[in-house]
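One structure below.
The values are calculated or read from the model by the stated rules, or taken from the named source; none is laboratory data. Quick caveat: nothing in here was measured; it's all calculated off a predicted structure. Note: ideal-geometry Cβ built from the backbone for every residue, glycine included; neighbour counts use all protein chains shown. Quick note on the areas: whole protein, heavy atoms, side chains included, nothing else; ligands and nucleic acids left out. Shrake-Rupley method; radii C 1.70, N 1.55, O 1.52, S 1.80 Å.
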Amino acid sequence: MLNVEDKVILITGASSGIGEASAKLLAQNGAKVVLGARRTEKLEKIVKDICSSGGIAEFKAVDVTDREDVKAFIEFAKDKFGRVDVIFNNAGVMPLSPMTALKVEEWDNMINVNIRGVLNGIAAGLPIMEAQGGGQIINTASIGAHVVAPTAAVYCATKYAVWAISEGLRQESQNIRVTTISPGVVETELGSDITDESSKGFLKELRKTALTSEAIARAVLYAVSQPNDVDVNEVIVRPIRQMM
């Protein structure tokens, strides 16, 4: 596909869901993908699947909350392939709960993964892209960056922060493309860490009309595949019957 072949594309949160689907689709279209996550056994299997289908893929363990770990992940990709064309900051967590439950440790975790994880990816990737004279940063936000729902206040706040960071970076950038992907309800592992029983039920109801991860991967492919002077700033993708 136009402007995808041979691009070096790094993806965090790549061990399942949107990250996995995006890695496979981008590799099918000729990209060299580098997968990062904490679950290396899953990454290894995905990379083997991609390579057995004729694609090019590598993986490295990464904890996006650790700035030095993210830097090492991005340097690993640059050492392997000589450049970094796209960084897809996709890792995220969503332990929904009512504010009154006071699950402050879960709030902290969302802040660390969903916000600091994105900032760490940007901080590690920007100097390389500036030196190259170009690149693209894609950040996964959420429909929650646009609509707040009960039990999702902190999650929505972190995703609005991702949107705001992306928009600020876009306005500052002269040669780096910036894209925010805002998925609606998608059938992924996101939310598997919910400990509040009422919130589990809320998410189960929402996912009765969920999209597949592949639907979001196609949006990522679309954003990457545009000519270098075309910046797809934001894509919202949700099920046709999703009201919020």
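Remarks
- Quarter of the Cα convex hull surface for the chain, i.e. its orientation-mean projected area (nm²): 12.2
- Residue ranges 3-12, 70-79, 137-146, 166-175 sort as 137-146, 3-12, 70-79, 166-175 when ordered by packing (mean number of other C-beta atoms within 10 Å per residue, highest first).
- With every protein chain in place, the chain: carbon and sulfur % of accessible area (1.4 Å): 53
- Highest average packing first - 45-53, 89-97, 59-67, Cβ atoms within 10 Å: 89-97, 59-67, 45-53
- Cα Rg over Rh - the range 1-44, Kirkwood: 0.99
- Considering only alpha-carbon pairs that sit under 8 angstrom and 6 or more positions apart, the relative contact order computed for the chain is 21 percent.
- Extent of the range 25-65 along its three principal axes (Cα atoms, max minus min coordinate, largest first): 30, 17, 12 Å.
- For the range 102-232, averaging the sequence separation of C-alpha pairs within contact (under 8 Å, six or more residues apart) and dividing by the residue count gives a relative contact order of 24 percent.
- Its residue count N fixes a reference of 2.2 N^0.38 Å for the range 1-96, and the Cα radius of gyration divided by that reference is 0.99.
- Mean Cβ count within 10 Å, highest first, over the residues of peptides 208-214, 16-22: 16-22, 208-214
- For the chain: accessible area per residue (Å², 1.4 Å): 46
- Taking Val186, Val148, Val104 in turn, the Gaussian network model of the chain (Cα-Cα springs below 10 Å) assigns the largest fluctuation to Val104.
- Result for the chain in a Gaussian network model with C-alpha springs under 10 Å: among Val118, Val33, Val232, the largest mean-square fluctuation is at Val232.
- Here the label points at Gln226 and Leu102, each 7 Å from Cα along the C-beta direction, are separated by 4.7 nm in the simple model.
- Label sites at Asn3 and Thr195, each approximated as a point 7 angstrom past Cα along Cα to Cβ, lie 4.5 nm apart.
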